[in-house]
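For reference, the structure discussed in these notes is given below.
The values are calculated or read from the model by the stated rules, or taken from the named source; none is laboratory data. On a predicted model such as this, the values are computed, not experimentally measured, just so you know. As a convention, Cβ positions derive from the backbone with ideal geometry for all residues, glycine included, and neighbour counts pool all protein chains shown.
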Amino acid sequence: MKTLKYKITGVRPLLVNNPQCADPLNKYSKLKKPLTSNKKKTDEDYAEIAELDMRSKIYWDDELGIYVPSTWIMAALGAVSFSTCKVSKKAIRSGLFMVEDKLKLSYKYQRTVKEKSDIVLNQDFRHKMILPQGQVRLAKVFPIFFDWSFEGSVEFDESITTERDLINMFNKCCKYGGFGDFRPTFGTALFEKVS
């Protein structure tokens, strides 16, 4: 096994959307349920829904702060592996291993963030979109990060892919696929080999 250390630097802002609310037993799902029922919503209800959306959508670790899950990297590489170097997604999954599970995100205004609420309650990190949901359109908020980057390491089996092909996969998924939500409108990036 060989190891490739890399740095991903954002070209476009990064929208984050942790899918944990897909679980109806998730604590944020339970808090949102009475607010999103068919009752007539007040301005306070909408504000509380937006705050809960922000809290639930970020990836937060008490030691790292905001992070990117390494599963994003595996999914991005698997999506371009065959078109880039004729290696199947299945082969990539069996021959590439992320060294870190969580990749610390660096971003603009990072020094102002000490706890989760510093992201959730700060308008600099809030992006609102009007999105269709069934027959209606709803305002949704997403955590957004500017001037972002993260670093990590990947171990790879040279019998599955070469370092050169792996770098080509990284370049393609960063430039054309991107990371996070609503990509490639958001989340496109540049790849850099660190060592």
Residue ranges of strands (runs of 3 or more DSSP E) in the range 129-195 with at least 3 members farther than 26 Å from Gln110 by Cα: 136-145
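Take Ile73 and tell me if it is closer than 24 Å to Thr9 by Cα and either touching a strand residue (DSSP E or B) at 6+ places or on another chain (Cβ under 9 Å) or of a type outside the set (A, V, I, L, M, F, W, C) (or both).
Details: closer than 24 Å to Thr9 by Cα: yes; either touching a strand residue (DSSP E or B) at 6+ places or on another chain (Cβ under 9 Å) or of a type outside the set (A, V, I, L, M, F, W, C) (or both): yes.
Yes, satisfied.
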Failed condition for Gly134, given (1) of a type in the set (Gly, Ala, Ser); (2) closer than 20 Å to Leu14 by Cα; (3) modelled with pLDDT under 95: (2)
The range 65-79 residues that are within 14 Å of Ile92 (Cβ to Cβ), paired with ones that are among the small types (Gly, Ala, Ser) and buried (at least 19 other Cβ atoms within 10 Å of the Cβ) (beta carbon under 7 Å, 6 or more apart): Ser70/Gly152; Ile73/Gly152
Residue match in the range 128-142 (condition: on the phi > 0 side of the Ramachandran plot and over 16 Å from the mean Cα position of the chain (by Cα)): yes
Selection from the range 34-65 of residues that are of a type in the set (D, E, K, R), farther than 14 Å from Pro143 by Cβ and surrounded by 11 or more Cβ atoms within 10 Å (Cβ to Cβ): Lys41, Asp45, Glu48, Asp61
